[in-house]
Amino acid sequence: MSIIEIRKLTKKYKGSDEPAIDSISLDIEENEIFGLLGPNGAGKTTTISILCGLFRPDSGEVKIGGFDLHTDLEKILHIIGVVPQDIALYPTLTARENLTFFGNMYGLKGKELRDRIEENLVTFGLEKFGNKKISTYSGGMKRRVNLIAGLLHRPRILFLDEPTVGIDVQSRNVILCFLHELKRSGTTIIYTSHYMEEAENLCSRVAIMDRGHLIATGKPTELINSNPCFKNLETVFLQLTGKDLRDDV
Amino acid sequence: MMFKFFSAFRKEWLILVRDLAGLIVLFVMPMCMVVILAVVQEFGWKDVASDPKLPVLFVDLDQDSLAAKIERGLDASSFFQVVKTVDDKPVTAESARELVRKGKYQIAVIIPDGSTEKVQKKIEFMIIKMMSGLKMGSMNPFSDLQYNDSVQVQLYLDPAIKPSFKNSVLCSMREYTLKVESQMIFQTFNSQLGMMFPYYKPSNNVYTETVMFKESYPSGKTEEILPNTTQHNVPAWTIFAMFFIVIPLTSSIIREREEGSLIRLLTMPVSYMTVFMAKIGVYLVVCLIQFALMMLAGMLVMPLFDIPALEIGGKLFQLILMAVATSLAALGFGIVVGTIARTHQQAAAFGSVSVVILAAMGGLWVPTYLMPETMRVVATFSPMNWAQTGFYDIFLRGGLIVEILPEITKLLLFFLITVGIAAAYRKWKPPISA
């Protein structure tokens, strides 16, 4: 059953010649880890931003969890969690203070919220540092708190925008293991990354985007096996999107 | 809804109080600014208010009644201090000229030798000429005679002298000279009449001033609040300092956007207006604390600099209303700048310069009545001008609520319009990049 249905989604930014995404249609099934892959400027962030309600598409239809994006955004915001690529935390607040604030914004409070914060801090090995300011954290620790902030309300769908970029191996391992656990508990994860090996291991299905178009969709193994020349997801990716540099300004 | 508001308020407050250096800047710097600017401006205000005691070099080459009376008149006025010796040496015409040329003094008055005698002779000539008409009728041989020897009082002026100073000195000199001349005319007229009519008995002290001036304030509040320099300066510089809230507020808005927290908040089931109002709430509290501290500085610190203390005069409620309205106008301005500016540098540069422009435009530096006509019209568009008018209504004119209501309304409308512009801009241009 599709938890996200995207039909002919198009978005063109003001002043831009080409649409950022051009008539994309996609179904994401419940309880899968779906990888949205593509070079810089492919349209991944635009797609996720629209799905999160950050702005409206020019045309197309989106249903998330059965709710229409145009008419039921408020309901959608209750069932999704977003982990931005940036460390979207307040550096001068402690991890607990940050998580309390974001939990409150999801409507959580009191003991329930405190318990969830403690539970997540323990899961991510941060319970001893909960009262330290975020500004004192390492990159990996910040990433973990960044992830927890999007999970506190136990969303049905979690959007992760490059959650493991620029962090140490141990932190990456903790995050990836947790994402597997999360999938097992029934959460649907939509994930973007430039790490093809990570996507290959983590995702049940991937979509490769380029220049606003969806150019391939399927299970990583299916895509790799579609051509004997493909050794892994990275070779698939490079074959489909080319080896030219994609500097995005 | 309220629970989310208070949570956002707490978050914003914690961020603020954790930044110790920022707090010092927020609370101590405006106080310093108000005190320093008010002290510096004190002298400027005294030009038109009271007791400036402008030093005037005075060289008396006349050594007679005209110079003596001008000197007494200048010295007795509360505006001038007659200086006749510098470095224990008597001031001469030459040294006075040199002292003014070097800018050590702004004005010097030299009464030439024989001035009294010349004035006396000219008056006698005029009286005799006038009286001769009584004796000789149409055959008067004096009728066409002229007496051209007049007294030339030399004034040396520093080019940097304020026109108000120069005019004050000239007006005072003319006033004292005319008084002396009038007295001489009466005395000479008396003596001439005595000579013409042996039975005429001259009366003493015939000359008295006939036109007097009575000062009063239509507000009728002088018994409560004396309009002194502090009452003018503290509100003006307080408004100026309050508008500098634009800098930390824009910084907070841009930081939230740059760090990505804004995007996270926009994907949460909370109205961004709730979070934003919490931010405004915290900065409103900051503004009100700043205001209270600056008022306290006016009341307690000013007297330490020998400046009259600020008198609130039981208008606390009106003051709070005006402070809230002014703060909201300042916050509204900060919100627009913070929303539209792309970087901290843009916001800081534009924010600070625009506050200075609004202050100058609004009459905080130069009273609007001294501005050209066009600028006086422009001043009425500055929120700082509205705030200043409101505070002056309270501090100087009695300030009933109904009297400050127009200013409060304008400031609140300004807040609503600026917030509306920021919201429209945010809707038109979401804070995300592809």
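The values are calculated or read from the model by the stated rules, or taken from the named source; none is laboratory data. All values derive from a computational prediction rather than experimental measurement. Neighbour counts run over all protein chains shown; Cβ positions are idealised from the backbone, glycine included.
Determine if region A:107-125 includes at least one residue that is closer than 16 Å to B:SER261 by Cα and not basic (Lys, Arg).
Scanning region A:107-125, I find no residue that is closer than 16 Å to B:SER261 by Cα and not basic (Lys, Arg), so the answer is no.
Looking at A:ILE175, is it buried (at least 19 other Cβ atoms within 10 Å of the Cβ), closer than 30 Å to A:LYS75 by Cβ and not polar (S, T, N, Q)?
yes
Which of the numbered conditions does A:ARG156 fail, given that it passes all the others? Conditions: (1) within 13 Å of another protein chain (Cβ to nearest Cβ); (2) within 20 Å of A:LEU179 (Cα to Cα).
Failed condition: (1).
Looking at this structure, is B:GLU71 assigned to a helix (DSSP H, G or I) and assigned by TED's automatic domain parsing to the domain that holds B:SER168?
Values: assigned to a helix (DSSP H, G or I): yes; assigned by TED's automatic domain parsing to the domain that holds B:SER168: yes.
Yes.
How about region B:1-42: which of its residues are small (Gly, Ala, Ser) and either in contact with a Ser or Thr (Cβ under 6 Å, 6 or more places away or on another chain) or more than 11 Å from chain A (Cβ to nearest Cβ) (or both)?
B:ALA21, B:ALA38
Tell me which residues, restricted to region A:126-184, are assigned to a loop (DSSP other than H, G, I, E, B) and more than 14 Å from the chain's Cα centre (by Cα).
Across region A:126-184, the qualifying residues are A:LEU126, A:GLY130, A:ASN131, A:LYS132, A:TYR137, A:SER138, A:LEU152, A:HIS153, A:ARG154, A:GLY166, A:ILE167, A:ASP168.
Residue by residue through region B:113-124, note down the ones that are over 18 Å from B:GLY194 (Cβ atoms) and in a helix (DSSP H, G or I). Lay out the reasoning, then the answer.
Taking region B:113-124 and keeping what is over 18 Å from B:GLY194 (Cβ atoms), we get B:113-119, B:121-122.
Within region B:113-124, B:SER115, B:THR116, B:GLU117, B:LYS118, B:VAL119, B:LYS121, B:LYS122 qualify.
Would you check if A:LYS111 is free of Cβ contacts under 8 Å to residues at least 12 places away in the same chain, out of contact with any Phe, Trp or Tyr (no Cβ under 9 Å at 6 or more places or on another chain), more than 12 Å from chain B (Cβ to nearest Cβ) and not β-branched (Val, Ile, Thr)?
yes
In region B:165-178, what residues are touching a residue at least 60 places away in the same chain (Cβ under 8 Å) and more than 21 Å from B:ARG97 (Cα to Cα)?
Of everything in region B:165-178, those that are touching a residue at least 60 places away in the same chain (Cβ under 8 Å) and more than 21 Å from B:ARG97 (Cα to Cα) turn out to be B:GLU175, B:TYR176, B:THR177.
The rows are residues; the columns are (1) out of contact with any helix residue (DSSP H, G or I) (no Cβ under 9 Å at 6 or more places or on another chain); (2) surrounded by fewer than 16 Cβ atoms within 10 Å (Cβ to Cβ); (3) assigned to a helix (DSSP H, G or I); (4) among the polar types (S, T, N, Q).
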site	(1), (2), (3), (4)
B:LYS4	no, no, yes, no
B:SER7	no, no, yes, yes
B:GLU12	no, no, yes, no
B:LEU16	no, no, yes, no
B:ILE24	yes, yes, yes, no
B:PRO30	no, no, yes, no
B:VAL35	no, no, yes, no
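Could you please find all residues in region A:195-219 being assigned to a helix (DSSP H, G or I) and in contact (Cβ under 8 Å) with a residue 40 or more places away in the chain?
Within region A:195-219, A:MET196, A:ALA199, A:LEU202 qualify.
What about B:VAL151, is it among the β-branched types (Val, Ile, Thr), at pLDDT 75 or above and in a loop (DSSP other than H, G, I, E, B)?
Against the criterion (among the β-branched types (Val, Ile, Thr), at pLDDT 75 or above and in a loop (DSSP other than H, G, I, E, B)), B:VAL151 qualifies.
Any residue in region B:368-381 that is modelled with pLDDT under 85 sitting within a Cβ distance under 8 Å of a residue that is charged (D, E, K, R)? List the pairs, counting only those 6 or more apart or interchain.
Between residues of region B:368-381 that are modelled with pLDDT under 85 and residues that are charged (D, E, K, R), the close pairs are B:THR368/B:ARG376; B:TYR369/B:ARG376.
Look through A:LEU73, A:LEU51 and report the one residue that is under 28 Å from A:GLU29 (Cβ atoms), without any contact (Cβ under 8 Å) to a residue 24 or more places away in the chain, more than 7 Å from every other protein chain (Cβ to nearest Cβ) and not polar (S, T, N, Q). Give the steps one after another, and end with the answer.
On the way: A:LEU51 fails: without any contact (Cβ under 8 Å) to a residue 24 or more places away in the chain.
Every option except A:LEU73 fails the conditions.
Pairs only if they're at least six apart or on different chains, beta carbon under 7 angstrom, first in region B:268-288 and within 10 Å of chain A (Cβ to nearest Cβ) and within 27 Å of A:ILE50 (Cα to Cα), second of a type in the set (Phe, Trp, Tyr) and outside any helix (DSSP H, G or I); list them, first residue then second.
Listed pairs, sorted by first residue: B:MET268/A:TYR106; B:PRO269/A:TYR106.
In region A:105-125, is there at least one residue being closer than 20 Å to A:THR188 by Cβ and touching a His at 6+ places or on another chain (Cβ under 8 Å)?
yes
Any idea which of (1) of a type in the set (Ser, Thr, Tyr); (2) surrounded by 13 or more Cβ atoms within 10 Å (Cβ to Cβ); (3) under 19 Å from the mean Cα position of the chain (by Cα) is the one A:THR241 doesn't satisfy?
For A:THR241, the exception is condition (3).
Looking at region B:414-422, can you tell me whether even one residue there is small (Gly, Ala, Ser), part of a loop (DSSP other than H, G, I, E, B) and at pLDDT 90 or above?
Start the filter on region B:414-422 by keeping residues that are small (Gly, Ala, Ser), which leaves B:420, B:422.
Now narrow it down to the ones that are part of a loop (DSSP other than H, G, I, E, B): none.
Within region B:414-422, none of the residues are small (Gly, Ala, Ser), part of a loop (DSSP other than H, G, I, E, B) and at pLDDT 90 or above.
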